[in-house]
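J.: So that we are looking at the same thing, I have put the structure below in structure tokens.
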Amino acid sequence: MNFFLETLQVMVLSIYYLLEAFVKLFIPTRRKNVAGEIVLISGAGSGIGRLMSLEFAKLGATLVLWDINQDGNKETARLVKENGGLRVYTYQCDCSNKTEIYRVADQVKREVGDVTILINNAGIVTGKKFMDSPDDLVQKTLEVNTLAHFWTYKAFLPAMMASNHGHLVSIASSAGLIGVNGLADYCASKFAAVGFAESIGLEMLASGKDGIKTTIVCPYFITTGMFDGCQSKWPRLLPILDSSYAAKKIVDAILKEQVYLVMPRSLYFVFGLKNISSKFGYLLGRYLGVTENWDHSKHF
């Protein structure tokens, strides 16, 4: 196909996709049934991981809970069963350790079956300026927030590809789309997680594996304890997200097979404007408090 025909094809399809997206604004999206699906959630022992587990339990999914904190993980399992969850399995796993990820993944495949919805949720933050961050904590941040996604995909994606059925979910961050003062290593890890998830999603489509869906979640700060002390300069414009609300929105995005979920919606505007110029990006960051709000937070 020559340049003219390919360009014409892109223009026509672009108009079609824009019209399709516009129509979908007014037509409720059908939500898929996840009853019987095997859902693995890392970092399930607390916070968003626990709340997502409770949501999926209501939908009849089989839950595989991973966390380094065994007590927290067992508490999540207890709450899941109290809320009607019939099949729930807990595994202690250090997501900074590739060998342990592969070992526990093999155990899951033997004892539960092939994971069909993989939610990489485990994450850590150092909460220090880059030059004050110990090397070992920087490395661990990248291992948990980024490299763990590589190893879990390696472990569970082959079975999804064989059946052309599955869903890959990356709980990233708005800090994976815009830099934040005092979160250099965290931002780097989340930028990498977003890029990795996008690339694998495209790889699946190019390979004809359109039954494998991707959802990338980029929320602002959430009230999970991970960012205690963070405050929003303009809470009506850029609110700190309630954890229960965020968990429900994430699960709903998965059910709708939504590729991107950015919360709150005002961030779409911010991300668009920050690309105009670096100076404009800094000015916008100061206005929104992104350049200083981490300075008032609890450090880990």
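J.: Which condition from (1) closer than 27 Å to residue 222 by Cα; (2) out of contact with any helix residue (DSSP H, G or I) (no Cβ under 8 Å at 6 or more places or on another chain) is the one that residue 11 breaks?
T.: (1)
J.: Are there strands (runs of 3 or more DSSP E) fully within region 81-178 with at least 1 residues that are farther than 30 Å from residue 208 by Cβ and modelled with pLDDT of 95 or more? List them.
T.: Values: elements: 88-92, 117-120, 166-171.
Because the criterion is at least 1 residues that are farther than 30 Å from residue 208 by Cβ and modelled with pLDDT of 95 or more, the strands (runs of 3 or more DSSP E) in region 81-178 that meet it are 88-92.
J.: Okay, next question. Which of the helices (runs of 4 or more DSSP H) contained wholly in region 198-300 include at least 2 residues that are closer than 25 Å to residue 45 by Cα, at pLDDT 80 or above and open to solvent by less than 50 Å² (accessible area, probe 1.4 Å)? Give the derivation first.
T.: Details: elements: 243-255, 266-273, 278-288.
Passing ranges, in order: 243-255.
J.: So which residues in region 77-114 are aliphatic (A, V, I, L, M), without any contact (Cβ under 8 Å) to a residue 60 or more places away in the chain and open to solvent by less than 60 Å² (accessible area, probe 1.4 Å)?
T.: Of all residues in region 77-114, those aliphatic (A, V, I, L, M) come to 77, 79-80, 86, 88, 101, 104-105, 108, 112.
Subset that is without any contact (Cβ under 8 Å) to a residue 60 or more places away in the chain: 77, 79-80, 86, 88, 101, 104-105.
Result: 77, 79, 80, 88, 101, 104, 105.
J.: Residue check: is residue 184 in contact with a helix residue (DSSP H, G or I) (Cβ under 8 Å, 6 or more places away or on another chain), touching a residue at least 24 places away in the same chain (Cβ under 8 Å) and closer than 24 Å to residue 102 by Cα? Lay out the reasoning, then the answer.
T.: Numbers: in contact with a helix residue (DSSP H, G or I) (Cβ under 8 Å, 6 or more places away or on another chain): yes; touching a residue at least 24 places away in the same chain (Cβ under 8 Å): yes; closer than 24 Å to residue 102 by Cα: no.
No; evaluated as a whole, the condition is false for this residue.
Yes/no matrix, rows are residues, columns are (1) buried (at least 23 other Cβ atoms within 10 Å of the Cβ); (2) farther than 18 Å from residue 201 by Cβ; (3) in contact with a Phe, Trp or Tyr (Cβ under 9 Å, 6 or more places away or on another chain):
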residue: 141; (1), (2), (3): yes, yes, yes
residue: 147; (1), (2), (3): no, yes, no
residue: 150; (1), (2), (3): no, no, yes
residue: 153; (1), (2), (3): no, no, yes
residue: 169; (1), (2), (3): yes, no, no
residue: 177; (1), (2), (3): no, no, yes
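J.: Let me ask you something else. With the condition kept exactly as written, say whether any residue in region 142-153 is in contact (Cβ under 8 Å) with a residue 24 or more places away in the chain and in contact with a Cys (Cβ under 6 Å, 6 or more places away or on another chain).
T.: Of all residues in region 142-153, those in contact (Cβ under 8 Å) with a residue 24 or more places away in the chain come to 142-153.
Those still in the list that are in contact with a Cys (Cβ under 6 Å, 6 or more places away or on another chain) too: 144, 148.
Yes - at least one qualifying residue is present in region 142-153.
J.: Only one of these conditions is not met by residue 6: (1) of a type in the set (D, E, K, R); (2) over 23 Å from the mean Cα position of the chain (by Cα); (3) within 24 Å of residue 254 (Cα to Cα). Which number is it?
T.: Every listed condition holds for residue 6 apart from (3).
J.: Tally up the residues in region 25-58 that are closer than 16 Å to residue 116 by Cα, assigned to a loop (DSSP other than H, G, I, E, B) and either free of Cβ contacts under 8 Å to residues at least 60 places away in the same chain or open to solvent by less than 20 Å² (accessible area, probe 1.4 Å) (or both), please.
T.: Looking only at that region, the number is 4.
The values are calculated or read from the model by the stated rules, or taken from the named source; none is laboratory data. No experiment lies behind these values; they were computed from the predicted model shown. Glycine gets a Cβ as well: all are built from the backbone with ideal geometry, and neighbour counts include every protein chain shown. These accessible areas exclude ligands, DNA and RNA; they are computed on the full protein's heavy atoms, side chains included. Shrake-Rupley method; radii C 1.70, N 1.55, O 1.52, S 1.80 Å.
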